[in-house]
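Peer 1: The structure follows.
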Amino acid sequence: MGACQHPYARAHAPCPHPAAEGTSCCLWHSARVRKHDAYVPAVLAAADRTANGDLEGFRLAGLLWPGAQLAGRHLRDVDLRDAVLDGADFSGADFTGAVLRRASLKRTALGRATLSGASLVGANLLDADLRNADLRGADLSGASLLGADLRGADLTGAILAGVRWNDRTRLAAAVGLAVEPAGEDDDTRADLGSLLALAKRPDHEETALADDSGEREQTRTFAVPVPVVAARRRGGRPWAIAAAALVLASGSGLAAARWLPATLAKNAHADPATVLHARNDDLARQGEAYVLRIKELEGNAQALFDRRDRLEQDAQIAKDDGDRLRQALRQARGEAARLHGKDDRAALASMELERASSERDRLASALTRQARLADILANGVKRVETERATLAARVSELADASDRAALLQAEREQARRDLAQASAERDVQRTRAERLAEELVVTRNEISRYLARVNGSGLQDYLASDLDTLPLMPIAPGSPVALGGDYTITLRLDPAGKAGVINAALTLQRPAALATPDIAIVLYDRDRQPLRRIAYSFPHVDAGTPFASATTSIACDRFPAFARILVAPAIETAAR
């Protein structure tokens, strides 16, 4: 097992952790090891203590560690996408170039942290402490800053498209918000202006107690307006634009259902990821148009509610007038009855009665019309509320589709990396298998020749067949190994000048009455696996000194650690 070979993006000392089995990286720098199991935080805390807080480049996607205490740690280029770190302490930590997409960082302490160039797309920073944080060049697209404290933070060059915030978001003394986005219209400038106003608000106003209206909790989104609003700004007819928006809202589901197959068929040669990315942009623009339409419909609904209230008040006044007129009519009828018989006063009373009857009929007709108008307005308000609920559901549906597309893209990229790594490992294993197959063929040939020689000489009964009963002697380069008994044998192994070559020197002393034996030497590696076999056979000489020696050079890819020496009587002795 070797050391971790993780390639750091910046100048950094080699990783001190050992490589995991089957890979060239340690378990912390390997994306193949899952990090969302319950035991991971305890092991990661131990690794943090061992590395003195240096967690640079760790692959921790999906980590579940709420309340983690990692203040001041080196977390550059760390992968924490989809991690749950609510309530953690990262004060003063260095997240340069880190990936925190869709991470849950609610109530997390990130004061004075360095997040320059970090990806915080879709991250949840609810009530997070980001005071004096360095967010230069960070991507905060779609992030939630509801109630976040960014006082004194540096947002120079940060991407804020789709950022959600409210009046509890603190931006006093924050820098990097003064530049307006190029090419935006009045709505975007107004939205950016509200952010700038929040940044310029005195700190004592931000920390004041929240009012009871709930406006401080109202979520606002920094988004680019759609062309429908731009057409209204350029002087288009309001009723025509409203009708177009209603048609768009009613037909958006069918258009969305037809768009994707048609686009995929039209762009069959294009990259699917590019097509999905373009579709996500279209869905985001549609969502923004729906949000603007909902706001406009809410304003119209409020105006209709006010008009209905006024009409109800007018109807009540008309009803009171009708009651008074009916009472006056009854009084007039009584007066006419009392004045019956007096021609002049009777005629006058009759005229007053006719006028009162006409006024009563007119008021009754007006009351009926106003009642019908109130019913029509009430039905219109109900239709507007139904349409608003439908549009809100559609916006939520489009947001879920965008999240799913982003997740599928991330999974596709991970699968590509895993495939490339698996292909490299397959090639290495194939090469090793071919080399082992060649060595096996050579070894089989050598064994066959040796067995043929032994069977031809009749020595098979004299040779030891169970190697495990023979002693296994350790070997060191240049140090002799001695074996005593009837025969004194000395073996020494030295590395040759060339790589993969070993020199073997054997010296044998025999008794004068015995013939020189045949000797076989089996070499083993540190795991006690056989590497090579060397066989020696000497001619029998009765005269002369009872010594024999031999020197051999063999090819071996690694230096042996153990050896077994097998001694068999000479052929001449066995033949007697």
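Peer 1: Tell me, what ³J(HN,Hα) does each residue in the range 16-29 have, in order and in whole Hz, if you take phi through Karplus 6.51 cos²θ - 1.76 cosθ + 1.60 with θ = phi - 60° and put x for Gly and Pro?
Peer 2: Listing the rounded values in order: x, 7, x, 5, 6, 5, x, 8, 8, 10, 6, 5, 7, 9 Hz.
Peer 1: Another question, then. Hey, what does the equivalent ellipsoid look like for the range 1-56, semi-axes from the Cα gyration tensor as sqrt of 5 times each eigenvalue, largest first, whole Å?
Peer 2: For the range 1-56, the ellipsoid semi-axes come out as 18, 15, 10 Å.
Peer 1: Find the percent of Cα-Cα distances in the range 467-575 that exceed 21 Å, and round it to a whole number.
Peer 2: Looking at the range 467-575, the distances longer than 21 Å represent 36 percent of pairs.
Peer 1: In whole Hz and in residue order, list the ³J(HN,Hα) couplings for the range 68-83 that follow from phi through the Karplus curve 6.51 cos²θ - 1.76 cosθ + 1.60, θ = phi - 60°; x for Gly and Pro.
Peer 2: Taking θ as phi minus 60°, the curve returns 4, 10, 10, 5, x, 7, 8, 10, 5, 6, 6, 9, 10, 5, 6, 7 Hz for the range 68-83.
Peer 1: Let me ask something else about it. Using the Karplus equation 6.51 cos²θ - 1.76 cosθ + 1.60 (θ = phi - 60°), what ³J(HN,Hα) coupling, rounded to whole Hz, does each residue of the range 139-146 give in order, writing x for Gly and Pro?
Peer 2: 9, 9, 4, x, 6, 9, 10, 5
Peer 1: While we're on this one: Below 14 angstrom from the Cβ of V78, what's the summed charge of the other residues (Lys, Arg +1; Asp, Glu -1)?
Peer 2: Net charge in that neighbourhood comes out at 0.
No lab work stands behind these numbers, since they all come straight from the coordinates. The structure presented is a predicted model; accordingly, all values stated were derived computationally and were not measured. Ideal geometry is used to build each Cβ from the backbone, glycine not excepted, and the neighbour counts take in all protein chains shown.
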